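Encoded as structure tokens, the structure appears first; notes follow it.
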Amino acid sequence: MTMRPDANGPETAAREEDDHALALRASHGDRDAFARLIDRHYATIHRIAWRWCGNAGDADDIAQEVAIKLARAIGSWRGEAGFSTWLYRIVLNTVRDRQRALAAERRRVEAFAVQALVDAQGSDESTDPATRLWAAVGTLPERQRDAVLLVHGEGLGHGAAADVMGVSEGTVSFHIHEAKKKLRAMMQAPEDELS
């Protein structure tokens with residue numbers, strides 16, 4: 001159930017070809033083909049959303065929103081790009097939209113001096129190095145965060161990540177390099193500085 005457009009092997013190629021055929025059928029109004037695409041990719045959509053936002057509830061909402069957006073947009077898909085790449089873009093755009101909306105809401109809340117957002121501070125998970133690392137990734141600038149999550153979180157190659165992000169492969173490599181420097185510094189900082 002993974003979407004890795006650059007993965008090698010006949011099984012991956014067959015799956016991408018099958019996704020392509022299903023997406024074309026769905027784009028022409030075949031509801032069964034669309035349902036099969038959603039069934040096949042929903043868990044992956046949710047996993048990607050969770051990695052980007054770090055919250056299971058938000059990931060649920062994002063995954064559902066992606067399914068709705070996909071239903072609305074599938075009619076315009078013509079197969080120029082691989083279905084997985086196209087789907088990644090929809091997920092990324094939905095996550096970004098949600099993050100912008102949440103940031104705007106936080107600014108409104110802060111303007112009224114109301115502490116509406118509750119952190120998981122003090123939970124046992126906060127001491128887990130992997131949890132700290134993914135929390136630190138979430139604080140990176142948008143392009144660096146996207147590059148890290150696509151390459152290291154999703155296992156895409158730099159070329160496939162570049163396709164998803166709409167940038168050159170060298171730009172992805174640069175973002176990864178800069179992110180690693182920042183993450184190294186963040187992970188060496190005391191835990192309370194990441195909050």
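The values are calculated or read from the model by the stated rules, or taken from the named source; none is laboratory data. All of these numbers come straight from a predicted model, not from anything done at the bench. Don't worry about glycine lacking a Cβ; one is built from the backbone with ideal geometry, like all the others, and counts go over all protein chains shown.
A few remarks follow.
- Among (1) at pLDDT 70 or above; (2) assigned to a loop (DSSP other than H, G, I, E, B); (3) not polar (S, T, N, Q) - the single one Val137 does not satisfy: (2)
- The number of residues in the stretch 1-52 that are on the phi > 0 side of the Ramachandran plot and either of a type in the set (Val, Ile, Thr) or modelled with pLDDT of 90 or more (or both) comes to 1.
- Condition broken by Asp19, with the remaining ones in (1) free of Cβ contacts under 8 Å to residues at least 12 places away in the same chain; (2) acidic (Asp, Glu); (3) part of a helix (DSSP H, G or I) satisfied: (1)
- Pairs, first surrounded by fewer than 21 Cβ atoms within 10 Å (Cβ to Cβ) in the stretch 134-149, second among the basic types (Lys, Arg), C-beta under 7 Å, six or more apart: Gly138/Arg145; Leu140/Lys182
- Taken over the stretch 126-162, the residue count meeting the criterion of being among the basic types (Lys, Arg) and closer than 18 Å to Ala49 by Cβ is 1.
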